[in-house]
Structure formats: C-alpha cells, structure tokens
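Before any comments, here is the structure.
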Amino acid sequence: MSAFDLIVIGGGPGGYVAAIRAAQLGLSVACIEGRGALGGTCLNVGCIPSKALLTSSAKFAELKHLSSHGVSVEGASLDLGAMMGRKDKVVGDLTKGIAFLFKKNGVEHIEGWASIPAPGQVKVGDDVYEAKNILIATGSEPTPLPGVEIDEVDVVSSTGALKLDRVPDHLVVIGAGVIGLELGQVWARLGAKVTVVEYLDRILPGIDGEIAKLSQRALSKRGLKFQLGRALKSIDKTDAGLSLTVDRVGKDNEETIEADKVLIAIGRRPVTRGLGLDDLGVAVNARGFIEVDGAFQTSVPGIYAIGDCVPGPMLAHKAEEDGVACVETLAGQHGHVDYNTVPGVVYTDPEVASVGLTEEALKEAGTDYISGKFTFMANSRARSTGETDGAVKVLASPEGTILGAHICGAHGGDLIAELVLAMTKGATVEEVARTCHAHPALGEAVKEACLDALGRAIHA
Ligand code: FAD
C-alpha cells in the first residue's frame, strides 16, 4: 500500500478539522477513530450534548418565569426521555455530517484504536499503515479523583451526567469549573437541588475574579448552592443514597452531605495510552501532555500533536486552530495560532465569556492598565428582555490597546466575538467605542465598557 501523506489519530474537532484541511491542501489523508463515531469528545460527550441539554432545560425553566411578561403557562411538564432523545439526535446528525465531509473531501476514515509501532507507521488491529507524517489528536478524558469510584450511574463524570435517566433529588457537583457549572445548571433547571463543592474559595478558576463573582451571584439566584473551600474526602453508599464527607480546607473539621447523585468535574487529562509514546521516545510533560514545538512537532520528527493532548486551553475551537495551523505548515504554508486571543465561554445563564488577560494576571505581572466596565442593568435591550445580570469588563494598556475582555451576561458568548476580533486586529478601546453599535442591543454594553475605560461612558 502506498504511504499516506498524513495519518491523523483521533476524529475529534482537532483531528477531523486537520484531516479535512490537509485534504483541501492536496495531501492524501486518513483519520483513525476508535470510539465508533466521529466528532470526538466535543460532539459525542462534550460541547454539543451539553449545549443541547442546556437549551432544552432553559426552555423548561423559562416557563416558570413568564408571568412577569404577562404570560401564564399551566400544566407544563417534563418528558426527560424526549429531551434526551432530542439531544441524541442532534449528536447523531452532527457526527454523521463529519463522515459526509470526509467523503466529500476524500479523507479515508479508518475505524479502530491506533498505535504507532515506529515513526512512519500506524497500526490498527492487525493492519499497519504507512504515513509520511503522523498527527496525534487523541484528546482528553475526565480526570478521576483518587479514592472515588465513578460508576456512571450514581457517581458520574460529565459523560454520565449527560444521560441520567431521572432528575436527581440532590446532585452534588464536585468542581466549580466550566463543566460542573454547565451540567449543574442543567439539572437545577430540571428540578434537582444542586450543590457545587469547590476546593478553592472561588468559582471558575482562571476567569477574571470580578466576573466570576458576578457569575456566582447570578447562579445562586437561580438556585445553585455553593460550598467553597471544601475538599471531597470520601463518598459512601448508604440505604438512602450517597453520603459525602468533605473537609473544610485549612480548617480542622469535616462536614457530611447527603445526595443521590454526584458529578465529579475536577478537570480533564490528556489521552495518550496505547499509542506507544514511551517506546517511540515522544516527550510528555509532568501532567502527561505531549510536548510540541511551534510547528506542533513532537520530540520525534514526523510525529505531530494538537488539541487537548498538548498543553494549552482544552477547548474545541483551540484544537481546530491547532489542527489547521499544523497541516498548513506541513503543506508548506505559514500556519499560526494566536493563543492570546482564544476565547472561552461558559454556557450557563448568564453566560461567562472571556479573552486575553485577567485583571489578576495584569496585577501579578505589574503591567500598567486601564479598565472599563458596564453593567447590563444599564443596557436598554437587557432591560427589555429582563436579562440584566452581569457586566462587560475591558482591560487595556494605558494607550488603549485591548489586553483582555470579560463578560458575564446573556449572550456573552456571542458578544465576546467583537472583542476577540478587536484584539486580533490590535484595536484600541477608542476604536471599538467609535464603532457604531445598533440600538437597542446587548452589544452597546461592549461599546459603553470601552467608553468607560476612556472615562466617558454615556449611560453609566
Ligand atoms: P477529542 O474531542 O477528545 O477527540 C479525540 C478523539 O480521539 C476521541 O474521539 C477518541 O476516541 C479518539 N482517540 C483517542 N485515542 C485514540 C486512539 N489510540 N486511536 C483512535 N482514536 C483515538 N469545548 C469548547 O470549546 N466549548 C464547549 O462548549 C465545550 N463543552 C464541553 C462540555 C463537556 C461536558 C466536555 C467534557 C468538554 C467540553 N469542551 C468544550 C471541551 C472539548 O470537548 C474539547 O476541548 C475538544 O473535544 C478537544 O478536541 P480534540 O480533538 O483535541 O480531542
């Protein structure tokens, strides 16, 4: 068999996008996926099913709050099976869509788990394929908690939390990061009591502290309970359900929490087992992420890695950018990813969206900055829709170049795009503030935050 120009291992957003882009550039490409469907974590058990359930649960929850709009809904009820069925159909349609895109672009799809017996060779079952270049895009999986068994029924990871067959009475979420909050809110909206237990004294580590506080306040108003500064010690099964023992961090006392379901959402770790990296001599860092250079090449020539299995933000769009830049470089172009402008979004209500540096990071680095803030309470569109929680915050150099932007508010995940583009183009707060924004629109809060950084907000 003639050698492929490129074999991609892993059909997630990093791998499948890289495979399609490489085929567009004229390379002969195969993509190997072991899980039985393309799309990786993101489409199968991540971004897409979680957003489908967030949307469905939001519609259910909204019914309870329509009376302030003068609308009353009698007898609304939940059909969880139908909701899950819709989610599964959304996932199925999208994963089949990738198989179609592979055919359209001439990417060979090989099903099975791959290993790399030697540079230039990929093995699947008994078959060995030759490749000029190999791209590892094997992604990530939930990080387990030592001493806690995840049975995906009572004690679940994000994967189990996306397919519970009933609404829990009391769901305890361990970890107040993106995944814990999104899935916690799904089940809270559907009627569960939800308690989020977090080791740190704040939620959403890594997000600008002021914005994380706004998020916590808003989520608390929507029924989520937070137990911060607490570490899970053990989970015992009892006749009544589950009994959790948590330590108060820095204090010498323990607490007990009774629950019927527990979601462990303490982070994700790279998946590289079975590839044969040790024998090949591919270097990984202390946390198991594959080390790569600026062209995504590992320590072994001809073997590349991208996405969740390399250091950097563990996000689908970042994996895609990695994949495109990697194969464009392989094809002789100048692939590049600007990691300073990768946005992150938490799809809770209200959404949390951010790009660039946080205020804490600027302070720690001793960087001079100006900042501007505008609350949605002062935005007329937000007042009309009743979505007034949160604010837009921009951070800029004293000359006005935007260094970071952080939003807590309805549609924050869409609003951040303007500020991502501004940062990508090196725009200043003055330039964003002088851009005409439609009225009444949530985007006016972005403009006003930029004006505020210049000391001349109109509506504040
Ligand atoms: P993955 O998507 O993990 O894909 C890797 C693929 O490789 C997998 O399908 C795996 O089966 C396959 N594989 C592994 N080893 C082998 C092997 N040896 N042989 C063959 N195949 C192999 N990110 C966002 O940007 N936005 C979101 O809203 C978002 N929501 C999320 C919600 C949840 C609940 C979770 C869990 C994650 C979410 N993420 C989100 C993160 C996102 O899913 C990941 O960042 C993204 O999927 C990473 O893409 P990837 O291609 O690097 O890896």
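Any read-out appearing in this document is the output of simple, stated calculations on the displayed coordinates, not a laboratory observation. Because the structure is predicted, anything quoted here is derived from the model rather than measured. Every residue, glycine among them, receives a Cβ derived from its backbone with ideal geometry; neighbour counts consider all protein chains shown.
The table below gives the values:
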{"item": "Distance between the range 357-392 and the range 1-72 - C-alpha centres, whole angstrom", "result": "30 Å"}
{"item": "Qualifying trypsin sites (Lys or Arg not before Pro) in the range 370-433, DSSP loop, other Cβ atoms within 10 Å at most 16", "result": "425"}
{"item": "Full-stretch length increase - residue 231, residue 287 - with 0.36 nm per residue and alpha-carbon distance subtracted", "result": "18.1 nm"}
{"item": "Ordering of 444-457, 355-368 by packing [mean C-beta count within 10 Å, highest first]", "result": "444-457, 355-368"}
{"item": "Gained length - residue 200 relative to residue 437, 0.36 nm times residue gap less alpha-carbon distance", "result": "81.5 nm"}
{"item": "Inter-probe distance in nm under a simple model that places probes 7 Å from Cα toward Cβ, at residue 24 and residue 74", "result": "5.5 nm"}
{"item": "Cut-off 15 Å (backbone N to label point 7 Å along Cα→Cβ of residue 153), residues of the range 226-270", "result": "237-242, 260-262"}
{"item": "Rounded FRET efficiency, nearest 0.05, which uses the C-beta distance separating residue 63 from residue 240 and R0 of 35 Å", "result": "0.65"}
{"item": "Backbone N within the range 148-172 under 19 Å of label point (7 Å from residue 88 Cα along the Cβ vector)", "result": "152-154, 157-168"}
{"item": "Computed helical MRE - 222 nm, the chain, DSSP H runs ≥ 4 contributing -39500 (n - 2.57), nearest 500", "result": "-10000 deg cm²/dmol"}
{"item": "Net charge contributed by nearby residues that have their C-beta within less than 9 Å of residue 240 (K/R +1, D/E -1)", "result": "-3"}
{"item": "Virtual spin-label span in nm between residue 401 and residue 360, 7 Å along Cα→Cβ", "result": "2.5 nm"}
{"item": "Under 13 Å, Cβ to Cβ, from residue 443 - net charge with Lys/Arg +1 and Asp/Glu -1", "result": "-2"}
{"item": "Residue 118-residue 104 pseudo-label distance in nm [points 7 Å out on the Cα-to-Cβ vector]", "result": "3.9 nm"}
{"item": "Overall Cα dimensions of the range 70-188, principal axis frame, Å, largest first", "result": "63, 42, 24"}
{"item": "Relative contact order [Cα under 8 Å, 6+ residues apart], the chain, whole percent", "result": "14 percent"}
{"item": "Neighbour-limited loop hits for trypsin sites (Lys or Arg not before Pro), the range 224-289 (at most 13 other Cβ within 10 Å; DSSP other than H, G, I, E, B)", "result": "251, 273, 287"}
{"item": "Spin-label proximity, residue 111 to the range 125-167 - amide N less than 19 Å from point 7 Å beyond Cα toward beta carbon", "result": "125-129"}
{"item": "Over the range 98-162: Kirkwood hydrodynamic radius from C-alpha pairwise inverse distances, Å", "result": "15.3 Å"}
{"item": "Cα pair count fraction exceeding 44 Å, expressed as % - the chain", "result": "16 percent"}
{"item": "Partners for residue 96 among lysines (Cα-Cα distance below 29 Å; same-chain residues under 8 apart left out)", "result": "51, 59, 87, 104, 123, 132, 163, 318"}
{"item": "Estimated vicinal HN-Hα couplings, Hz - the range 23-39 in sequence order (Karplus 6.51, -1.76, 1.60; Gly, Pro = x)", "result": "5, 4, 7, x, 7, 7, 10, 10, 10, 9, 9, x, 7, x, 8, 6, x"}
{"item": "Difference of contour (0.36 nm per residue) and Cα-Cα distance, residue 51 to residue 430", "result": "133.0 nm"}
{"item": "Charge dipole of the range 257-412 about the Cα centre (unit charges at C-beta), most positive-ward option of 406, 331, 272", "result": "406"}
{"item": "Residues with amide H under 5 Å from that of residue 132, placed H, sequence gap 5 or more", "result": "4, 5, 6"}
